[in-house]
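The block underneath contains the structure these notes are about, expressed in structure tokens.
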Amino acid sequence: MSELTYLEAISEALREEMRRDKRVFIMGEDVAEYGGAFKVTKGFLEEFGCERVMNMPIAESGMVGAAVGAAAMGQRPIVEMQFIDFIACAFDQIVNMVAKFHYRLGIPLPMVIRGPAGGGVHGGPFHSQNPEAWFAHVPGLKVVAPATPADAKGLLKAAIRDDNPVIYLEYKWLYRRVKEAMPPGDHVIPLGQAALRREGRDVSVITYGPTVHHALEAAHRLADEGIELEVVDLRTLVPLDDEAIFRTVRKTGKVVVAHEATRTAGFGGEIVARIAEEAFEHLDAPIVRVAAPDTPVPYSAPLETFFLPDAPKITDAVRKLARY
């Protein structure tokens, strides 16, 4: 079993799928000779050629539009946003064309839009955002948010093979920070299945992306205090594994929902609403959210640290909830 970083796992998934299926190709800014801003596609041009590893102009709407045409004709394009923040430039194409294409025309649209998301690397307000809630709100799109290298690989392979358009978020903070042994063979993780990262009896943390690691660190700290934290990693937001959510609520009765995105209208609010509608009678305390405050992401390192949810913030929230 090879051990790969989060970034290497994404790169390996892309290589394996491009070798497996000649319809798969990559398009984006500087993805060819340069190998991508974070070197995810380093060496791809030499292996697959310029017809399958395509540099594009700085026009996100244009590259998404080109991908729509290719997918409609039976290809399986992967669009790389150099930073996921720039997906906003293609918002009209994604929500009004990509998401509705199958509904309007009955034609599958197998395409993936992937890009580096989140903070923790002092990228400032234009290179650190978490846009998952924008797209989870739009019917017709799937949204993936992996937290581990093995999941990054397995979920990306599933996304590429899916006949629906997928927004695939990969977290810069995790790129070279976490490493994991890869399962052997054709490692594919079905979309829509959450993972139980840690079993506990007292409080549940429901989360995804980098906050999974913060929750696990908090669990380690709290265990010394006699508080056993259960950590559920959603992995995909659309489709959402409702049963995994309700199962942990029934088990502990106390829930923290944590994510790196800002609080108001963040995806955590959807999780809270579903619990309130379907599992309210199992709650022993109010649901607590841990999220970033409603401001742009600061560039200053100390301010960014203050801004981002982390293990101490989750630990404090769990302590209060445990005492309720």
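The values are calculated or read from the model by the stated rules, or taken from the named source; none is laboratory data. Just so it is clear, the model here is predicted, and its values are computed rather than measured. Backbone-built Cβ (ideal geometry, glycine too); neighbour counts: all protein chains shown. Ligands, DNA and RNA are excluded from the accessible area calculation, which covers all protein heavy atoms including side chains. Shrake-Rupley method; radii C 1.70, N 1.55, O 1.52, S 1.80 Å.
Quick test for you: out of 79, 68, pick the one residue that is among the hydrophobic types (A, V, I, L, M, F, W, C) and in a helix (DSSP H, G or I).
So the residue among 79, 68 that is among the hydrophobic types (A, V, I, L, M, F, W, C) and in a helix (DSSP H, G or I) is 68.
Look through 73, 54, 97, 63 and report the one residue that is over 18 Å from the mean Cα position of the chain (by Cα) and loosely packed, with under 14 Cβ neighbours inside 10 Å.
73
Take the residues of the stretch 176-188 that are in contact (Cβ under 8 Å) with a residue 60 or more places away in the chain and of a type in the set (A, V, I, L, M): which is farthest from residue 79 (Cα to Cα)?
181
Can you name every residue in the stretch 185-235 that is part of a loop (DSSP other than H, G, I, E, B), open to solvent by less than 60 Å² (accessible area, probe 1.4 Å) and over 21 Å from residue 12 (Cβ atoms)?
If the condition is that a residue be part of a loop (DSSP other than H, G, I, E, B), open to solvent by less than 60 Å² (accessible area, probe 1.4 Å) and over 21 Å from residue 12 (Cβ atoms), then 192, 194, 200, 202, 208, 226, 227, 228, 234 are the ones that fit.
Does the stretch 69-80 contain any residue that is without any contact (Cβ under 8 Å) to a residue 12 or more places away in the chain and not polar (S, T, N, Q)? Before the answer, list the steps.
Step one: list which residues in the stretch 69-80 are without any contact (Cβ under 8 Å) to a residue 12 or more places away in the chain, which gives 69, 73.
When the remaining residues are screened for being not polar (S, T, N, Q), the result is 69, 73.
Checking the stretch 69-80: at least one residue is without any contact (Cβ under 8 Å) to a residue 12 or more places away in the chain and not polar (S, T, N, Q).
Can you tell me which residue within the stretch 252-273, out of those that are of a type in the set (Ser, Thr, Tyr) and within 19 Å of residue 119 (Cα to Cα), is surrounded by the fewest Cβ atoms within 10 Å (Cβ to Cβ)?
264
If you check residue 249 against the conditions, is it closer than 28 Å to residue 296 by Cα and either open to solvent by less than 20 Å² (accessible area, probe 1.4 Å) or touching a His at 6+ places or on another chain (Cβ under 9 Å) (or both)?
For residue 249, the condition - closer than 28 Å to residue 296 by Cα and either open to solvent by less than 20 Å² (accessible area, probe 1.4 Å) or touching a His at 6+ places or on another chain (Cβ under 9 Å) (or both) - is not met.
Do you know which residues across the stretch 243-294 are of a type in the set (Asp, Glu), farther than 18 Å from residue 137 by Cβ and over 23 Å from the mean Cα position of the chain (by Cα)?
Those that are of a type in the set (Asp, Glu), farther than 18 Å from residue 137 by Cβ and over 23 Å from the mean Cα position of the chain (by Cα): 278, 281, 284.
What about residue 124, is it surrounded by fewer than 19 Cβ atoms within 10 Å (Cβ to Cβ) and closer than 15 Å to residue 72 by Cα?
Numbers: surrounded by fewer than 19 Cβ atoms within 10 Å (Cβ to Cβ): yes; closer than 15 Å to residue 72 by Cα: no.
Answer is no for this residue.
I need every pair where a residue in the stretch 272-297 that is touching a residue at least 12 places away in the same chain (Cβ under 8 Å) and within 18 Å of residue 231 (Cα to Cα) has its Cβ under 8 Å from the Cβ of a residue that is open to solvent by less than 50 Å² (accessible area, probe 1.4 Å) and of a type in the set (Lys, Arg), sequence separation at least 6 or different chains.
283/254; 284/254; 285/254
Can you report the number of residues in the stretch 1-37 which are of a type in the set (A, V, I, L, M, F, W, C) and modelled with pLDDT under 95?
The qualifying residues number 1.
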